[in-house]
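Chemist: Input: one structure, supplied below.
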Amino acid sequence: MSVGVIPIRMALARLSAAALTLPILLGGSAAPAVVAHVMTPAVGSPGQSLPLGDEQDLVAGQLSCAAPLPPIPICFGPAQLRAAYDIQPLIDAGIDGTGATIVIIDAFSSPTLAGDLATFDTAWGLPAASPDVVTPDGIPPFDPSQAMWATEISLDVEWAHAIAPGANLTLVLAKSSDDADLLSATRYAVDHNLGDVITQSFGEAEACADPELLRQEHAVFERAASKGITLVAGSGDKGAVNFLCDGSLTNVPAAATPASDPDVTAVGGTRLTLDRSTAAYVSETGWHDASGAGGGGFSSVYRRPGYQAPFISDDAARGLPDVAYAGSGFGSVLIVVHGHTRAIFGTSAGAPQWAAIDALSRQFAGHRQSQLNIRLYHLAKSDAYGDAFHDITTGNNTNSTSPTKFFAVPGYDLCTGWGTPKGSPLINALVGTPWFVWAQIGNASPGNGSYASPYNTLARATNGVLAGGTIAIEGTALVPGSNRFTKAMTLRAAGGTATIGR
């Protein structure tokens, strides 16, 4: 792990700063100078980080917190969430993020990160990883009073790696938790083209951000979109409300920035139930329980973007979140920080995992793609939606301090967005590969479709079959499981050429 300013993958040419193109609802003109405010990582909220023991207790910790004991009766390791969200088949097929780079924006530093990550990887059988560390505004010292940022760093790095173990990791550290410093770190990552997807697990109420900072931030995000860089952020853990600038919790609706920006994919929270023995997906509900609630609602800054027009009738405001992920404390993720095992929860855990999913998509496509939100909402209009997402239809994101809440309903909602991922089908749909494939073998004469007798054959793959995966030709003359061929554009078969298409 290196420390210092590392010009990784310098951009071939810097793009000029884009003007703020989406309408901002704030009135008046903003002063050029930016007034900085402190942003808070989700794990900085009280009670969102539960100590479980020393690093050697990492795997044992999973067993102990799997028992129904308060306040966190269930915790997850990488194997559980990979299984629940159908990500393991992708990794087994070699779709592990290789060739993609995940950029993680955080503040301050963690002097034990290298050892913590090595322990995490060893415990879960993950390949070793060594993130590049970039400090564009100087090396931030470790500040014990800001220890929650070290916890956030471990969470982001370890779980991005858990879901996309083949991806490169670049950690960009801001010199402080001021929103202006975090924006400076993000700007450096975008302008120097450090990676394919950027994850941001921090936020503040939109009202706390200087309007000029929001304009500068949106210009940075626009440049990222123009380069094919995906931006992901947690939507917050306080439901439809947020902390005020003085740290108190407001009782009026308040969306969080940077998640509210239309160029950012906002990740909300769910409460996930899975089979404890197999980790198979059982059910999910919108997150609202004793541990918190998934952030969601309407922006007071940004109007509804075009991609949401078919789903939100009022064009006055952008809705968020866009997607969701397991976030409840009744289903925390395990991390290692400062040599100790901890259980962490919140949308702060979902953001780096969704960034990793985008890295898998980037590898599968073989290149960067269009803005993730545009692809997600386009997918939602297609027949593939039901196969690519767990549509969360129960629960809400109410908070005990506010009556405002939004309910999970079929389709898009302001509690869980489009829902949570079904890994293999989702990746196929995002990249645009055929959902089912068919093979026409030989001539047009009728027949039983056997491989030896080359007649027309309909070969249906399972949903989301991967390029390079296998599908079986189906026919009455076939022995089950025999005569398998790989999915390719052109195949040779007895009696002629076989082609594959939709």
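The values are calculated or read from the model by the stated rules, or taken from the named source; none is laboratory data. Everything quoted here is computed from the prediction, not taken from an experiment. Cβ atoms come from the backbone with ideal geometry, glycine included; neighbour counts cover every protein chain shown. Side chains are part of the model used for accessible areas, which takes the heavy atoms of the whole protein and leaves out ligands, DNA and RNA. Shrake-Rupley method; radii C 1.70, N 1.55, O 1.52, S 1.80 Å.
Chemist: Within the stretch 200-216, track down each residue that is of a type in the set (D, E) and more than 25 Å from T416 (Cα to Cα). I'd like the intermediate steps shown before the answer.
Modeler: From the stretch 200-216, those of a type in the set (D, E) are 204, 206, 210, 212; that's our starting set.
Those that are of a type in the set (D, E) and more than 25 Å from T416 (Cα to Cα): D210, E212.
Chemist: Moving on to the next point. Is there any pair with a first residue in the stretch 401-422 that is assigned to a strand (DSSP E or B) and a second that is charged (D, E, K, R) and surrounded by 24 or more Cβ atoms within 10 Å (Cβ to Cβ) whose Cβ atoms are under 7 Å apart and which are 6 or more apart or on different chains, and what are they?
Modeler: Close Cβ pairs (under 7 Å, with a partner that is charged (D, E, K, R) and surrounded by 24 or more Cβ atoms within 10 Å (Cβ to Cβ)) amount to F407/D413; G417/D322; T420/E284.
Chemist: Mind checking which residues of the stretch 274-295 are open to solvent by 10 Å² or more (accessible area, probe 1.4 Å), touching an Asp or Glu at 6+ places or on another chain (Cβ under 9 Å) and in contact (Cβ under 8 Å) with a residue 40 or more places away in the chain?
Modeler: Within the stretch 274-295, Y281, S291, G292 qualify.
Chemist: Does the stretch 119-139 hold any residues that are under 21 Å from H338 (Cβ atoms), open to solvent by less than 40 Å² (accessible area, probe 1.4 Å) and of a type outside the set (S, T, N, Q), and which are they? So that I can check it myself, show each step before the final result.
Modeler: Step one: of the stretch 119-139, the residues under 21 Å from H338 (Cβ atoms) are 119-124, 126, 128-131, 133, 135, 139.
Those left that are additionally open to solvent by less than 40 Å² (accessible area, probe 1.4 Å): 119-121, 123, 126, 129, 131, 133, 135.
Hits for the stretch 119-139 are F120, D121, A123, L126, A129, P131, V133.
Chemist: Out of the residues in the stretch 198-234 that are in a loop (DSSP other than H, G, I, E, B) and at pLDDT 95 or above, state the one that is surrounded by the fewest Cβ atoms within 10 Å (Cβ to Cβ). If you could, list the steps in order and put the result at the bottom.
Modeler: Filtering the stretch 198-234 for residues in a loop (DSSP other than H, G, I, E, B) gives 201, 209-210, 227-229.
Those still in the list that are at pLDDT 95 or above too: 227-229.
Details: K227: 14, G228: 16, I229: 24.
By that ranking, first place goes to K227.
Chemist: Please give the number of the condition T404 fails out of (1) in contact with a helix residue (DSSP H, G or I) (Cβ under 9 Å, 6 or more places away or on another chain); (2) open to solvent by 30 Å² or more (accessible area, probe 1.4 Å).
Modeler: Among (1) in contact with a helix residue (DSSP H, G or I) (Cβ under 9 Å, 6 or more places away or on another chain); (2) open to solvent by 30 Å² or more (accessible area, probe 1.4 Å), T404 violates only (1).
Chemist: A further question follows. Can you go through D116, D106 and tell me which one is of a type in the set (D, E), open to solvent by less than 30 Å² (accessible area, probe 1.4 Å), in a helix (DSSP H, G or I) and at pLDDT 95 or above?
Modeler: D116
Chemist: Any chance the stretch 375-391 includes a residue that's in a loop (DSSP other than H, G, I, E, B), at positive phi and either in contact with a Cys (Cβ under 7 Å, 6 or more places away or on another chain) or touching a residue at least 24 places away in the same chain (Cβ under 8 Å) (or both)?
Modeler: First, the residues of the stretch 375-391 that are in a loop (DSSP other than H, G, I, E, B): 381-384, 391.
With at positive phi added as a condition, the list becomes none.
No, because not a single residue in the stretch 375-391 is in a loop (DSSP other than H, G, I, E, B), at positive phi and either in contact with a Cys (Cβ under 7 Å, 6 or more places away or on another chain) or touching a residue at least 24 places away in the same chain (Cβ under 8 Å) (or both).
Chemist: To continue, here is another question. Please verify whether A359 is modelled with pLDDT of 95 or more and part of a helix (DSSP H, G or I), treating the condition exactly as stated. Working first, answer last.
Modeler: Working: modelled with pLDDT of 95 or more: yes; part of a helix (DSSP H, G or I): yes.
Answer is yes for this residue.
Chemist: Considering only the stretch 181-218, how many residues are more than 14 Å from T257 (Cα to Cα) and of a type outside the set (K, R)?
Modeler: 14
Chemist: Exactly one condition in (1) part of a loop (DSSP other than H, G, I, E, B); (2) on the phi < 0 side of the Ramachandran plot; (3) not hydroxyl-bearing (S, T, Y) is false for L272; which is it?
Modeler: Among (1) part of a loop (DSSP other than H, G, I, E, B); (2) on the phi < 0 side of the Ramachandran plot; (3) not hydroxyl-bearing (S, T, Y), L272 violates only (1).
Chemist: From the list A160, A254, which one is in contact with a helix residue (DSSP H, G or I) (Cβ under 9 Å, 6 or more places away or on another chain) and open to solvent by 10 Å² or more (accessible area, probe 1.4 Å)? Write out each step before concluding.
Modeler: On the way: A160 fails: open to solvent by 10 Å² or more (accessible area, probe 1.4 Å).
Only one candidate passes the filter, namely A254.
Chemist: In addition: Are there any pairs, at least 6 apart or on different chains, whose C-beta atoms fall under 8 Å, with the first in the stretch 347-365 and among the β-branched types (V, I, T) and surrounded by 24 or more Cβ atoms within 10 Å (Cβ to Cβ) and the second assigned to a helix (DSSP H, G or I) and at pLDDT 95 or above, and if so, which?
Modeler: Between residues of the stretch 347-365 that are among the β-branched types (V, I, T) and surrounded by 24 or more Cβ atoms within 10 Å (Cβ to Cβ) and residues that are assigned to a helix (DSSP H, G or I) and at pLDDT 95 or above, the close pairs are I357/I163.
Chemist: What residue, of L379, L334, L372, L320, is surrounded by fewer than 24 Cβ atoms within 10 Å (Cβ to Cβ) and either among the basic types (K, R) or in contact with a strand residue (DSSP E or B) (Cβ under 9 Å, 6 or more places away or on another chain) (or both)? Before you say what the answer is, go through the steps one by one.
Modeler: Details: L334 fails: surrounded by fewer than 24 Cβ atoms within 10 Å (Cβ to Cβ); L372 fails: surrounded by fewer than 24 Cβ atoms within 10 Å (Cβ to Cβ); L320 fails: surrounded by fewer than 24 Cβ atoms within 10 Å (Cβ to Cβ).
Result of the check over L379, L334, L372, L320: L379.
Chemist: Quick one: how many residues across the stretch 238-269 are in a loop (DSSP other than H, G, I, E, B), modelled with pLDDT of 90 or more and of a type outside the set (G, A, S)?
Modeler: The number of residues fulfilling the criteria is 5.
Chemist: Next question, about the same structure. Specify which of the listed residues (P111, P127, P89, P136) is in contact (Cβ under 8 Å) with a residue 24 or more places away in the chain and either of a type in the set (D, E) or touching a Ser or Thr at 6+ places or on another chain (Cβ under 6 Å) (or both).
Modeler: Being in contact (Cβ under 8 Å) with a residue 24 or more places away in the chain and either of a type in the set (D, E) or touching a Ser or Thr at 6+ places or on another chain (Cβ under 6 Å) (or both) holds for just one of P111, P127, P89, P136, which is P89.
Chemist: So for the stretch 307-314 (the condition being part of a strand (DSSP E or B), of a type in the set (S, T, N, Q), farther than 11 Å from F345 by Cβ and touching a residue at least 40 places away in the same chain (Cβ under 8 Å)), does at least one residue qualify? Show your work before the answer.
Modeler: We begin by selecting, within the stretch 307-314, every residue part of a strand (DSSP E or B); these are none.
No, there is no match, as no residue in the stretch 307-314 is part of a strand (DSSP E or B), of a type in the set (S, T, N, Q), farther than 11 Å from F345 by Cβ and touching a residue at least 40 places away in the same chain (Cβ under 8 Å).
Chemist: Could you go through the stretch 410-422 and let me know if any residue there is modelled with pLDDT of 95 or more, open to solvent by 40 Å² or more (accessible area, probe 1.4 Å) and among the hydrophobic types (A, V, I, L, M, F, W, C).
Modeler: So far as the stretch 410-422 goes, no, none of its residues is modelled with pLDDT of 95 or more, open to solvent by 40 Å² or more (accessible area, probe 1.4 Å) and among the hydrophobic types (A, V, I, L, M, F, W, C).
Chemist: A further question follows. In the stretch 167-197, which residue that is open to solvent by 20 Å² or more (accessible area, probe 1.4 Å) and of a type in the set (D, E, K, R) is nearest to the chain's Cα centre (by Cα)?
Modeler: Ranking the qualifying residues of the stretch 167-197, first place goes to R187.
Chemist: Those residues that are open to solvent by 10 Å² or more (accessible area, probe 1.4 Å) and either at pLDDT 95 or above or under 14 Å from the mean Cα position of the chain (by Cα) (or both), I need them from the stretch 87-102; list them, please.
Modeler: Just the residues of the stretch 87-102 that are open to solvent by 10 Å² or more (accessible area, probe 1.4 Å), to begin with: 88-89, 91-96, 98-99.
The answer is D96, T98, G99.
Chemist: Name, by its number, the condition in (1) within 30 Å of G77 (Cβ to Cβ); (2) of a type outside the set (S, T, Y); (3) within 17 Å of the chain's Cα centre (by Cα) that does not hold for D263.
Modeler: Failed condition: (1).
Chemist: Can you confirm whether R271 is more than 21 Å from K381 (Cα to Cα), of a type in the set (K, R) and out of contact with any Asp or Glu (no Cβ under 8 Å at 6 or more places or on another chain)? If you could, list the steps in order and put the result at the bottom.
Modeler: On the way: more than 21 Å from K381 (Cα to Cα): yes; of a type in the set (K, R): yes; out of contact with any Asp or Glu (no Cβ under 8 Å at 6 or more places or on another chain): no.
When the stated conditions are applied, R271 does not pass them.
Chemist: Determine whether G195 is assigned to a loop (DSSP other than H, G, I, E, B), over 11 Å from M39 (Cβ atoms) and at pLDDT below 95. Walk me through how you get there before you give the answer.
Modeler: On the way: assigned to a loop (DSSP other than H, G, I, E, B): yes; over 11 Å from M39 (Cβ atoms): yes; at pLDDT below 95: no.
Considered against the rule, which asks whether it is assigned to a loop (DSSP other than H, G, I, E, B), over 11 Å from M39 (Cβ atoms) and at pLDDT below 95, G195 comes out as no.
Chemist: Follow-up. Output the number of the condition that S300 fails; it satisfies all remaining conditions of (1) under 26 Å from F345 (Cβ atoms); (2) open to solvent by 10 Å² or more (accessible area, probe 1.4 Å); (3) not acidic (D, E).
Modeler: Condition (1) is where S300 drops out.
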